[in-house]
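Working notes, beginning with the structure itself.
The values are calculated or read from the model by the stated rules, or taken from the named source; none is laboratory data. Since the structure is predicted, the reported quantities are computational estimates derived from the model, not experimental observations. Cβ atoms come from the backbone with ideal geometry, glycine included; neighbour counts cover every protein chain shown.
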Amino acid sequence: MSLKGKRIAVLVEQQYQELEVWYPVYRLREAGAEVHLIGPEAGKSYPSKLGYPAKSDKSITAVTSKDYHAAVLPGGFAPDYIRRVPAMIQFVQALQDEGKPLAAICHGPWVLCSTNALKGKKATCFFAIKDDVINAGAHYVDEEVVVDGNIITSRKPDDLPAFLQALIAKLS
């Protein structure tokens, strides 16, 4: 399936989970999508949990939801930092308001908890944030990947193949 012409934002911040950023970046690029790492600051290097750098292509203040067809919200502890940046939350909320795919894995749904994206939706996540997802209005299920409307969620790095297949199918 070709994603030629599709632009995908992958949100980055410090303490991200390596596989949950790089697997989607490379898989989406292989499918033909234009993928940008979006962070609070342009050109800044954000270290993963193990120190692997992810240099942001663009600042969140330099982009709008109209620039992208979807966003990937990786896990690790990055979602806790992403949630501290109002512009990041506003960007995700705008994508939600436009019905564009929001793909969140592991702790990534924490970002969705700061929007209205999970209200009434079926979703999954890493078990440690299950209560947060439920309190944000979602119906939690323990499944490899869950697609409910524009929301795509998965539990952990082992789920990445199904997670990306679901996102690519949604964008095709």
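So GLY149 clears everything in (1) in contact with a Cys (Cβ under 7 Å, 6 or more places away or on another chain); (2) in contact (Cβ under 8 Å) with a residue 24 or more places away in the chain; (3) more than 22 Å from VAL25 (Cα to Cα); (4) not aromatic (Phe, Trp, Tyr) except one condition, right? Which one?
All conditions pass for GLY149, except number (1).
For segment 1-59, what are the residues that are of a type in the set (S, T, N, Q) and closer than 17 Å to GLY75 by Cβ?
Once the filter is applied, which keeps residues that are of a type in the set (S, T, N, Q) and closer than 17 Å to GLY75 by Cβ, segment 1-59 yields GLN14, GLN15, GLN17, SER48.
Could you check how many residues of segment 78-134 are touching a residue at least 24 places away in the same chain (Cβ under 8 Å), assigned to a loop (DSSP other than H, G, I, E, B) and not aliphatic (A, V, I, L, M)?
Counting residues in segment 78-134 that are touching a residue at least 24 places away in the same chain (Cβ under 8 Å), assigned to a loop (DSSP other than H, G, I, E, B) and not aliphatic (A, V, I, L, M) gives 14.
Residue-by-condition table, conditions (1) buried (at least 17 other Cβ atoms within 10 Å of the Cβ); (2) farther than 19 Å from TYR81 by Cβ:
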site	(1), (2)
PHE127	no, yes
LYS130	yes, yes
VAL133	yes, no
VAL147	yes, yes
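Do you know which residues across segment 38-66 are hydrophobic (A, V, I, L, M, F, W, C) and either at pLDDT below 95 or touching a Lys or Arg at 6+ places or on another chain (Cβ under 7 Å) (or both)?
ILE38, ALA42
Please work out if VAL12 is closer than 14 Å to LEU167 by Cβ, within 15 Å of the chain's Cα centre (by Cα), modelled with pLDDT of 95 or more and of a type in the set (A, V, I, L, M).
No; evaluated as a whole, the condition is false for this residue.
I'd like the residue in segment 81-100 that is closer than 18 Å to GLU41 by Cβ and within 13 Å of the chain's Cα centre (by Cα) and, out of all such residues, is surrounded by the most Cβ atoms within 10 Å (Cβ to Cβ).
Of everything passing the filter in segment 81-100, ILE82 is surrounded by the most Cβ atoms within 10 Å (Cβ to Cβ).
Going by what's in this entry, would ILE89 be described as of a type in the set (Val, Ile, Thr) and over 24 Å from ALA169 (Cβ atoms)?
yes
Tally the residues that are of a type in the set (Ser, Thr, Tyr) and either buried (at least 19 other Cβ atoms within 10 Å of the Cβ) or within 13 Å of VAL35 (Cβ to Cβ) (or both), restricting the search to segment 1-16.
Residues flagged as of a type in the set (Ser, Thr, Tyr) and either buried (at least 19 other Cβ atoms within 10 Å of the Cβ) or within 13 Å of VAL35 (Cβ to Cβ) (or both) within segment 1-16 amount to 1.
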